[in-house]
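Have a look at the structure below before the remarks.
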Amino acid sequence: MPNTTKSTGRTDAVTWAQQLLDKNIVILDFETTGFKNSEIVQIGAINRDGDVLLETLVKPTKSIPSAATNVHGITNDDVKDAPGFREVYVQLSSLLAGSPVVAYNVSFEKMIIGGECDRYKLPQIRPSQWECAMIAYAGYYGQRNPSKGGFKWQKLGNACAQQNIPVVDAHTAVGDCIMTLELMKIMARG
């Protein structure tokens, strides 16, 4: 299934998950200071076997707003001694370069990492492809979205609950990666 903004259904989602789980994918998630113009405060990346490839806090250039801390639980004290994005860039760039990268809501993750690269005047990170598990799952689950057409996107926690996947360590970068992987495995089984 191509990485589009609309899923085309369950069969395509199954094929999508099967094909990606046969590759050396990286599942990626960020926790951030918010939404637009936000900074990364935690990076998580795992492979298709669930092995942690990268897990680190990241010190942003400005304070973490309390609204963001209320979601992910990461405080300014937690990141005060963490490396900044510039310090983790080479490791992250090397990890993702040439690999298929899967994220739940990939457009958000791409926006965040692109903003960080722009902020520090670093080259954009270039995986071989970006893939969205949220869009694939929307087609797999099949709930229609009458106002926008296509299928309704589901929050990661809701998607996991719908598939009886334990919601563990939600809103931690690695925890969200693991839940995304478990959703992909269920989709691959059809």
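The values are calculated or read from the model by the stated rules, or taken from the named source; none is laboratory data. Predicted model, so just to flag it, every value in this text is computed and none were measured. Positions of Cβ are backbone-derived with ideal geometry, glycine not excepted, and every protein chain shown enters the neighbour counts.
Evaluated against (1) charged (D, E, K, R); (2) free of Cβ contacts under 8 Å to residues at least 40 places away in the same chain; (3) buried (at least 18 other Cβ atoms within 10 Å of the Cβ); (4) closer than 24 Å to Glu182 by Cα, Lys152 falls short on exactly one condition, (3). Screening Ser147 against (1) of a type in the set (Ser, Thr, Tyr); (2) touching a Phe, Trp or Tyr at 6+ places or on another chain (Cβ under 9 Å); (3) assigned to a loop (DSSP other than H, G, I, E, B) leaves a single unmet condition, (2).
All conditions but one from (1) more than 19 Å from Lys110 (Cβ to Cβ); (2) under 13 Å from the mean Cα position of the chain (by Cα); (3) charged (D, E, K, R) apply to Asp49; the one that does not is (2). Kindly indicate whether any position in segment 98-106 is surrounded by fewer than 18 Cβ atoms within 10 Å (Cβ to Cβ) and either closer than 28 Å to Asp12 by Cα or at pLDDT 95 or above (or both). Checking segment 98-106: at least one residue is surrounded by fewer than 18 Cβ atoms within 10 Å (Cβ to Cβ) and either closer than 28 Å to Asp12 by Cα or at pLDDT 95 or above (or both). For segment 33-52, a residue qualifies if it is within 24 Å of Ala136 (Cα to Cα) and surrounded by 19 or more Cβ atoms within 10 Å (Cβ to Cβ), and the qualifying residues are Ile43, Gly44, Ala45, Ile46.
For Phe30, indicate whether it is over 27 Å from Trp153 (Cβ atoms), surrounded by 19 or more Cβ atoms within 10 Å (Cβ to Cβ) and touching a strand residue (DSSP E or B) at 6+ places or on another chain (Cβ under 9 Å). When the stated conditions are applied, Phe30 does not pass them. Looking at (1) under 14 Å from the mean Cα position of the chain (by Cα); (2) surrounded by fewer than 18 Cβ atoms within 10 Å (Cβ to Cβ), can you tell me which one Ile178 breaks? Answer for Ile178: the failing condition is (2).
Taken over segment 89-139, the residue count meeting the criterion of being in contact (Cβ under 8 Å) with a residue 24 or more places away in the chain, among the small types (Gly, Ala, Ser) and more than 23 Å from Asp22 (Cβ to Cβ) is 3. Taking residues in segment 178-190 that are touching a residue at least 12 places away in the same chain (Cβ under 8 Å), and partners anywhere that are among the β-branched types (Val, Ile, Thr) and assigned to a helix (DSSP H, G or I), the pairs with Cβ atoms closer than 7 Å and at least 6 places apart or on different chains are Met187/Val14; Ala188/Val14; Gly190/Val14. Restricted to segment 2-72, the set of strands (runs of 3 or more DSSP E) holding at least 1 residues that are hydroxyl-bearing (Ser, Thr, Tyr) and touching a residue at least 60 places away in the same chain (Cβ under 8 Å) comprises 26-32. Any residue at all in segment 93-116 that's farther than 20 Å from Gly175 by Cβ and in contact with a Gly (Cβ under 8 Å, 6 or more places away or on another chain)? For segment 93-116, residues farther than 20 Å from Gly175 by Cβ and in contact with a Gly (Cβ under 8 Å, 6 or more places away or on another chain): absent.
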